[in-house]
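What follows is one structure encoded as C-alpha cells, with my remarks underneath.
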Amino acid sequence: MDSLLITGGNRLKGTISVNGSKNAALPIMAASILTEGETVLKGVPQLEDIRHLSALLEKLGVNVSRDEKGGLHLKVEDEMNCHAEYELVRKMRASVCVMGPLLAKRRRAQVSLPGGCNIGDRPVDLHIQGFQCLGAESDLVGGDIHLKAKKLKGTEMFLGGPFGSTVLGTANVLMAATLAEGTTVIESAACEPEVIDLANYLNACGARIVGQGTPRITVEGVKELHGCEHTVIPDRIEAGTFMMAAAITNGDVIINNCRLDHLMAVVDRLRAVGVNVERKGDGVQVSSSRRLEPVSVTTQPYPGFPTDLQAQIMALLCLADGNSIITEKIFPDRFVHVAELNRMGARLRKEGPTVIVEGVKNLVGAPVMASDLRASAALVVAGLVAKGKTKVSRVYHIDRGYERIEQRLATLGAEIQRVPE
Ligand code: EPU
C-alpha cells in the first residue's frame, strides 16, 4: 500500500485543471445497461472506482474499453448475468447503481447488499422502496437483494428519507423509470448536478425526463434507449478540494474546467473565511493572503454545502483565528479524519454530529492514516501547510477519487511524493 509523503509550507501557485466527475460518471456507466447501442463517455477520470465499476459491468455483459483519446466505450453484448457479487460491491458501494438498469432492462437483478462503510450506515431502503413503487418484487437472500418484475409501471412516489433526498437512490429509480410503462413522478428527488448529468445522458439516449435539478423529476417511459456520446460534468468535489488546498497554503491558483455554479455554497463559506474566489473564464481563481476567519458550516443536500467537502474545509478551519463549528447533516458519523487531524496538532472536539474547531497557529506533520476517500484528501490538504513531514498512508482511498493527486499538486509547487510500501 503506497503512502504520500508531504513536506508542508509551500504556497501553491499556478494553474490546475479539474477532471470529469467520478460521481457523475459512475451512474452513467451503469445506465449504459439500459441501452441498445454504444455509449461513448468523454472526460471519465482514470480512477480506482471507475475501474471497479468497469470490472462489474464486464461481468454483467457490458464491453468496456478506452480509446486512445481516453473516451470510455460501453456496449452491452450479453444480457444473461444479472448478479452483482459481494466481491465487487464490497469494494465500491456505488455498484448498487446497477440495480435500476438491470431491473428495467433485464427484469431481474441480484445485487449484494453493501454493508456500512467508514462514513457510517449506508442503507438502500429508499432505492428498494422506489423499485417497489414501480411494481418490482424484492427479497433479501443471503445478503443479496433480489429484484424482479414482469413489467415496471410508472407511478407517483416520494423518495425522501430521514436525511433528505438520496443521490444514488434517485439515480437508480430514475434509470428504472426510463423504460417503465407510463409516467413516473419522483418527489423529493436529489437535485445534485450528478443527477442532472445522468438525466441529460439518458435524454440523449432517447429517454423523456424533465425536472432534473429540481425536487420533482417526471419520467415518461419509452420502449427502448439507444447509445450516445456524452461528456461528463467537471468534478465539483475535486475542484472544491483544490480550492481548500489553495486557501490553506495562502496560495494563488487558477482552477480550470470548474463549474462555479455547482459550488456556490462552498464559495460562500470560503469567502466568509476570507478567501478570494473569482470567476476566470471556464474556471476560477482562488487566492488567500490574509488571516482566516472562523465560520459555521453545515452540510446539506445540494445546493447546500456538500458532505464530500466537509473534511477538507475542516482542515482549513483548523488554522482559522477563532472557533468554527461544523455540523454534518448527511452522514452524522463521517468524522474519521477528526482524530487524525488532532494528531497533527488540530484542536477538534466532536459532539454528536458536530465538531468544534478551535483554531490553532500551526499544524505539525505526522504519520496519519485515513480510511475514507474525502478524509484522506483532508489529510493531504492539512499536510500541505503542516510544519515538517506528513506521511498519509493507505493512499488507495485517495486513488479511488483523485487521479494522480501527488503529480497534479506538485505542478502547483507542493512538495509531495508517492512512496511505495
Ligand atoms: N439514505 C437512506 N436510505 C437510502 C439511501 C440513503 O436513508 O436508501 C441516507 C444516507 O444514509 C444518507 C443520506 O440518505 O444519510 C444521503 O445519502 P445518499 O443516498 O444521497 O448517498 P449516496 O447516493 O450513497 C452519493 C455519493 C457520495 C456522497 C453522497 C451525498 C456517489 C457514488 N456517492 O452517495 O459520495 O457523499 O451521495 O452527497 O455518488 C464520495 O464521493 O466520497 C462519496 C461518499
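The values are calculated or read from the model by the stated rules, or taken from the named source; none is laboratory data. Since we're looking at a predicted model, the values are computed, not measured. As a convention, Cβ positions derive from the backbone with ideal geometry for all residues, glycine included, and neighbour counts pool all protein chains shown.
Out of all the residues in segment 192-208, is one or more surrounded by fewer than 24 Cβ atoms within 10 Å (Cβ to Cβ), touching a residue at least 12 places away in the same chain (Cβ under 8 Å) and in contact with a Gly (Cβ under 7 Å, 6 or more places away or on another chain)?
So far as segment 192-208 goes, yes, one or more of its residues are surrounded by fewer than 24 Cβ atoms within 10 Å (Cβ to Cβ), touching a residue at least 12 places away in the same chain (Cβ under 8 Å) and in contact with a Gly (Cβ under 7 Å, 6 or more places away or on another chain).
Would you be able to say whether some residue in segment 378-391 is part of a loop (DSSP other than H, G, I, E, B) and within 16 Å of the ligand (Cβ to nearest atom)?
no
Return the residues of segment 151-190 that are over 20 Å from ALA109 (Cα atoms), outside any loop (DSSP other than H, G, I, E, B) and more than 14 Å from the ligand (Cβ to nearest atom); say none if nothing qualifies.
GLU156, THR183, THR184, VAL185, GLU187
Regarding segment 137-146, can at least one residue be identified that is buried (at least 24 other Cβ atoms within 10 Å of the Cβ), at negative phi and in contact (Cβ under 8 Å) with a residue 12 or more places away in the chain?
Looking through segment 137-146, none of the residues is buried (at least 24 other Cβ atoms within 10 Å of the Cβ), at negative phi and in contact (Cβ under 8 Å) with a residue 12 or more places away in the chain.
Note down all Cβ pairs under 6 Å where the first residue falls in segment 312-332 and is hydrophobic (A, V, I, L, M, F, W, C), the second is within 14 Å of the ligand (Cβ to nearest atom), and they're at least six residues apart or on different chains.
ALA315/ALA378; ILE330/PHE163; ILE330/THR299; ILE330/THR307; PHE331/ILE119; PHE331/GLY120; PHE331/THR307
Identify the single condition in (1) under 30 Å from GLU181 (Cβ atoms); (2) at pLDDT below 95; (3) among the basic types (Lys, Arg) that LYS280 does not satisfy, given that it satisfies every other one.
Tallying (1) under 30 Å from GLU181 (Cβ atoms); (2) at pLDDT below 95; (3) among the basic types (Lys, Arg), LYS280 fails exactly one: (1).
Looking only at residues in segment 130-142 that are small (Gly, Ala, Ser) and under 24 Å from PHE163 (Cβ atoms), which one is farthest from the ligand (Cβ to nearest atom)? It would help to see each step written out before you state the result.
In the first step, residues of segment 130-142 are kept if they are small (Gly, Ala, Ser); the result is 130, 135-136, 138, 142.
So of that shortlist, the ones also under 24 Å from PHE163 (Cβ atoms) come out as 130, 136, 138.
Values: GLY130: 9, ALA136: 15, SER138: 12 Å.
This residue is ALA136.
Quick grid of which residues meet (1) within 15 Å of the ligand (Cβ to nearest atom); (2) touching a Ser or Thr at 6+ places or on another chain (Cβ under 6 Å):
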site	(1), (2)
VAL273	no, no
GLN285	no, no
LEU292	no, no
THR298	yes, yes
PRO301	yes, yes
ILE313	yes, no
ASP321	no, no
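Under the condition of being of a type outside the set (Lys, Arg) and out of contact with any strand residue (DSSP E or B) (no Cβ under 7 Å at 6 or more places or on another chain), which residue from segment 274-289 is farthest from ASP252 (Cα to Cα)?
Here the answer is GLY281.
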